[in-house]
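Student: Below is the structure I would like to discuss, written out as structure tokens.
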Amino acid sequence: MRIRKPTAHYKNSLVSPVWVTLSVIALLAGADAAPAQVTAARQGDPLASVPKGLPSVIQHQMQALGARMRTAGKEETVFDAQFVDDVGRRKPIHVVYQISGMIRIEGIHDKTALAFDGDFTHGVADRTDESILDTFVMDTPEGMLYSLRKGASMVLLGHGFGPDARVAPDYKGPRYDIYVVTAPDRTHRAGALQSRRFYFDSSTGLLASTRYSDSAGFNVETRFLNWEHVDGSAYPRTVERYENGRLVFSITVASVAGRSARNAVNFQ
């Protein structure tokens with residue numbers, strides 16, 4: 001894995017919180033993306049152990065997640081939540097999710113679970129189902145860390161980004177460290193390369209949002225809100241996904257716990 005640091009033009013710049021032109025992202029990410037870097041190993045490889053060997057440039061972000069990134073036995077996250085779709089329908093869901101990206105969600109459909117076992121998706125009925133799996137497998141900080149361990153290309157755009165000072169001269173809100181990660185899309189069998197921008201709060205190191213253009217041409221923004229610490233680990237209590245500025249779904253977590261990783265058969 002190769003990492004390109006920002007030029008002086010990007011580091012500590014103030015930019016408007018709008019979409020960066022995708023062609024620019026492609027150039028930035030592609031500069032370091034040799035075929036050997038972006039060819040993933042077999043997707044079934046769980047990488048369920050605590051992440052190790054990651055570049056020092058993201059240590060702040062990894063450490064912000066707490067004990068589950070340092071201690072064996074916390075690789076799997078289990079939570080109960082309320083799912084709300086784009087027309088306001090509510091469903092209680094039960095989610096089991098691993099650092100490796102394997103996930104099983106019960107409650108989205110009445111009789112079948114929605115899942116990804118590391119190689120294949122299960123129970124996908126429509127685009128919303130695809131979006132839910134993409135959110136957990138690729139958009140989360142765990143998804144970013146997994147991609148990096150599998151050889152993804154990463155570009156650090158810089159630290160402390162905020163609104164343009166000419167537009168918001170008195171801005172005192174959060175600032176962001178922005179990374180562009182280019183990796184194969186794990187939940188689609190074609191495995192096409194896709195670039196995502198991860199916006200981490202510069203102060204806390206916690207992920208605020210992930211932004212990209214998906215294979216269907218939608219501008220996606222996944223927001224991670226209301227982070228809380230439970231048993232020494234940080235978890236977002238709210239996850240929201242937007243496509244072309246429209247809220248597609250939200251997930252509000254009621255209870256969360258960590259436990260040891262299990263075999264992929266449990267995610268089928």
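Student: Give the residue, chosen from 262, 223, that is surrounded by 15 or more Cβ atoms within 10 Å (Cβ to Cβ), among the basic types (Lys, Arg) and under 15 Å from the mean Cα position of the chain (by Cα).
Tutor: 223
Student: Among the residues of the range 106-157, write down those that are touching a helix residue (DSSP H, G or I) at 6+ places or on another chain (Cβ under 6 Å), assigned to a loop (DSSP other than H, G, I, E, B) and surrounded by 24 or more Cβ atoms within 10 Å (Cβ to Cβ).
Tutor: Correct list: empty.
Student: Identify, from the list 182, 204, the residue that is surrounded by 14 or more Cβ atoms within 10 Å (Cβ to Cβ), modelled with pLDDT of 95 or more, in a loop (DSSP other than H, G, I, E, B) and of a type in the set (Ser, Thr, Tyr).
Tutor: Numbers: 182 fails: in a loop (DSSP other than H, G, I, E, B).
Residue meeting the stated conditions: 204.
Student: Only one of (1) at pLDDT below 95; (2) of a type outside the set (D, E, K, R); (3) closer than 27 Å to residue 120 by Cβ is not met by residue 256, so which one is it?
Tutor: (1)
Student: Is it the case that some residue within the range 242-259 is more than 13 Å from residue 131 (Cβ to Cβ), touching a helix residue (DSSP H, G or I) at 6+ places or on another chain (Cβ under 8 Å) and not hydroxyl-bearing (Ser, Thr, Tyr)?
Tutor: Yes, the range 242-259 contains at least one residue that is more than 13 Å from residue 131 (Cβ to Cβ), touching a helix residue (DSSP H, G or I) at 6+ places or on another chain (Cβ under 8 Å) and not hydroxyl-bearing (Ser, Thr, Tyr).
Student: Identify the residue in the range 185-199 that is of a type outside the set (Gly, Ala, Ser) and under 20 Å from residue 124 (Cβ atoms) and, among all such residues, is surrounded by the fewest Cβ atoms within 10 Å (Cβ to Cβ).
Tutor: Only one residue fits best here, namely 189.
Student: Right, another one. How about the range 207-223: which of its residues are assigned to a strand (DSSP E or B) and either without any contact (Cβ under 8 Å) to a residue 12 or more places away in the chain or among the aliphatic types (A, V, I, L, M) (or both)? If you could, list the steps in order and put the result at the bottom.
Tutor: Of the residues in the range 207-223, the ones assigned to a strand (DSSP E or B) are 207-213, 219-223.
Residues satisfying the conditions are 207, 208, 220.
Student: Based on this model, can you work out whether residue 81 counts as touching a Leu at 6+ places or on another chain (Cβ under 6 Å), outside any helix (DSSP H, G or I) and touching a residue at least 60 places away in the same chain (Cβ under 8 Å)? Can you show your working first?
Tutor: On the way: touching a Leu at 6+ places or on another chain (Cβ under 6 Å): no; outside any helix (DSSP H, G or I): yes; touching a residue at least 60 places away in the same chain (Cβ under 8 Å): yes.
No, not satisfied.
Student: Something else: Mind listing just one residue for me: the one in the range 187-216 that is charged (D, E, K, R) and touching a Leu at 6+ places or on another chain (Cβ under 9 Å) and, of those, nearest to residue 100 (Cα to Cα)?
Tutor: Applying the first criterion (charged (D, E, K, R)) to the range 187-216 yields 189, 196-197, 201, 211, 214.
Then keep just the ones that are touching a Leu at 6+ places or on another chain (Cβ under 9 Å); that gives 197, 201.
Values: 197: 20, 201: 23 Å.
It comes out as 197.
Student: I would also like to ask the following. Output the number of the condition that residue 145 fails; it satisfies all remaining conditions of (1) more than 14 Å from residue 57 (Cβ to Cβ); (2) modelled with pLDDT under 95.
Tutor: Single failed check for residue 145: (1).
Student: While we're looking at this one, here's another question. Count, please, the residues in the range 238-254 that happen to be part of a strand (DSSP E or B) and surrounded by fewer than 18 Cβ atoms within 10 Å (Cβ to Cβ).
Tutor: Within the range 238-254, the first condition is being part of a strand (DSSP E or B), and the residues that meet it are 238-243, 246-254.
Add one more test, that the residue is surrounded by fewer than 18 Cβ atoms within 10 Å (Cβ to Cβ), and what stays is 238, 246-247, 252, 254.
Going through the range 238-254 one residue at a time, the tally reaches 5.
Student: Kindly list, by first and then second residue, each pair from a residue in the range 233-257 that is touching a residue at least 40 places away in the same chain (Cβ under 8 Å) to a residue that is of a type in the set (Lys, Arg) and in a strand (DSSP E or B), limited to pairs with Cβ atoms under 6 Å and residues at least 6 apart or on different chains.
Tutor: 248/241; 249/241; 253/237
Student: Which one of these is buried (at least 19 other Cβ atoms within 10 Å of the Cβ) and either assigned to a helix (DSSP H, G or I) or modelled with pLDDT of 90 or more (or both): 96, 87?
Tutor: Matching residue, one of 96, 87: 96.
The values are calculated or read from the model by the stated rules, or taken from the named source; none is laboratory data. Predicted, not measured: the structure shown is a model, and the values here were computed from it. We place every Cβ from the backbone using ideal geometry, glycine too, and count neighbours over all the protein chains shown.
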